[in-house]
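**Q** This structure is in structure tokens; I'll ask about it shortly.
The values are calculated or read from the model by the stated rules, or taken from the named source; none is laboratory data. The model shown is predicted, which means the values in this text are computed figures rather than measured ones. For neighbour counting, all protein chains shown are included, and Cβ atoms are generated from backbone atoms with ideal geometry for every residue, glycine included.
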Amino acid sequence: METKTCIICKEVKPLTEFYLRKTPGGRTKTYRGECKQCQVKRSQQWRRNNPEKQKISQRKCRIKSQFGISLEEYDSLLSKQNGKCAICGGHTDGDALAVDHNHKTNEVRGLLCHRCNTAIGLFKDDVSLLQKAIEYLTTASSAESDAYGDGRLQPLGSAHRGNRSQTSDLSSVDSSRF
């Protein structure tokens, strides 16, 4: 079993206790000078001492790993959209806008608020479903606005009640039962 001495704790440990160092070109394998345990302690200390830098670093890594874009590209999109959702134009209340992407090609389309991103996802990025939803809303709005012939909206659910009265006669209800 091969061993190595940690440059921090000075303990002799098996090579499995050291992280591999990535070398340019990836041809040779070398191990880091500090053992995994010492590196973890050093990283934890750095995070405690640098919370703002840690937050930015974590954000960079998350955006890069999830969406394949850099923080600079995200900020550029945000600037192009004037800090607003690409669909509804709303501002976020301190929350970051979601990176919307095509789930088949992974191409980034823009930044969306949580509601708009969720809505697009629920429609499975299917333009024909979205078109049907638009037609449905348009048709339903036209029927409702014509209910009284004077532009007033028909009360919710009244189309299902037919010609029944919109008010209920509660005089026959025995209130002592409640």
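**Q** Restricting to the range 19-52, give me the number of residues that are more than 15 Å from residue 7 (Cα to Cα) and of a type in the set (Ser, Thr, Tyr).
**A** Total satisfying the criteria: 3.
**Q** For the range 113-143, which positions are assigned to a helix (DSSP H, G or I) and either modelled with pLDDT under 60 or hydrophobic (A, V, I, L, M, F, W, C) (or both)?
**A** Within the range 113-143, 116, 119, 120, 122, 127, 129, 130, 133, 134, 137, 140, 143 meet the criteria.
**Q** Find all pairs meeting these conditions: Cβ atoms under 9 angstrom apart; at least six residues apart or on different chains; first residue within the range 102-120 and more than 14 Å from residue 69 (Cβ to Cβ); second residue among the β-branched types (Val, Ile, Thr) and at pLDDT below 90.
**A** Between residues of the range 102-120 that are more than 14 Å from residue 69 (Cβ to Cβ) and residues that are among the β-branched types (Val, Ile, Thr) and at pLDDT below 90, the close pairs are 113/92; 114/92.
**Q** Considering only the range 78-98, I want to know if a residue exists there that is surrounded by 14 or more Cβ atoms within 10 Å (Cβ to Cβ), assigned to a helix (DSSP H, G or I) and at pLDDT 85 or above.
**A** Yes, some residue in the range 78-98 is surrounded by 14 or more Cβ atoms within 10 Å (Cβ to Cβ), assigned to a helix (DSSP H, G or I) and at pLDDT 85 or above.
**Q** Separate question: Can you name the residue in the range 59-72 that is part of a helix (DSSP H, G or I) and touching a Leu at 6+ places or on another chain (Cβ under 9 Å) and is also surrounded by the most Cβ atoms within 10 Å (Cβ to Cβ) among such residues?
**A** The extreme case among them is 63.
**Q** Can you name the number of the only condition in (1) surrounded by fewer than 11 Cβ atoms within 10 Å (Cβ to Cβ); (2) among the hydroxyl-bearing types (Ser, Thr, Tyr); (3) modelled with pLDDT of 80 or more that residue 175 fails?
**A** Of (1) surrounded by fewer than 11 Cβ atoms within 10 Å (Cβ to Cβ); (2) among the hydroxyl-bearing types (Ser, Thr, Tyr); (3) modelled with pLDDT of 80 or more, only one is false for residue 175: (3).
**Q** Would you mind finding the one in 7, 56 that is hydrophobic (A, V, I, L, M, F, W, C) and not in a helix (DSSP H, G or I)?
**A** Sole residue among the options that is hydrophobic (A, V, I, L, M, F, W, C) and not in a helix (DSSP H, G or I): 7.
**Q** Is it the case that residue 69 is within 30 Å of residue 44 (Cα to Cα) and touching a strand residue (DSSP E or B) at 6+ places or on another chain (Cβ under 7 Å)?
**A** yes
**Q** Tell me, please, whether a residue that is surrounded by fewer than 11 Cβ atoms within 10 Å (Cβ to Cβ), not in a helix (DSSP H, G or I) and not basic (Lys, Arg) can be found in the range 35-53.
**A** No, because not a single residue in the range 35-53 is surrounded by fewer than 11 Cβ atoms within 10 Å (Cβ to Cβ), not in a helix (DSSP H, G or I) and not basic (Lys, Arg).
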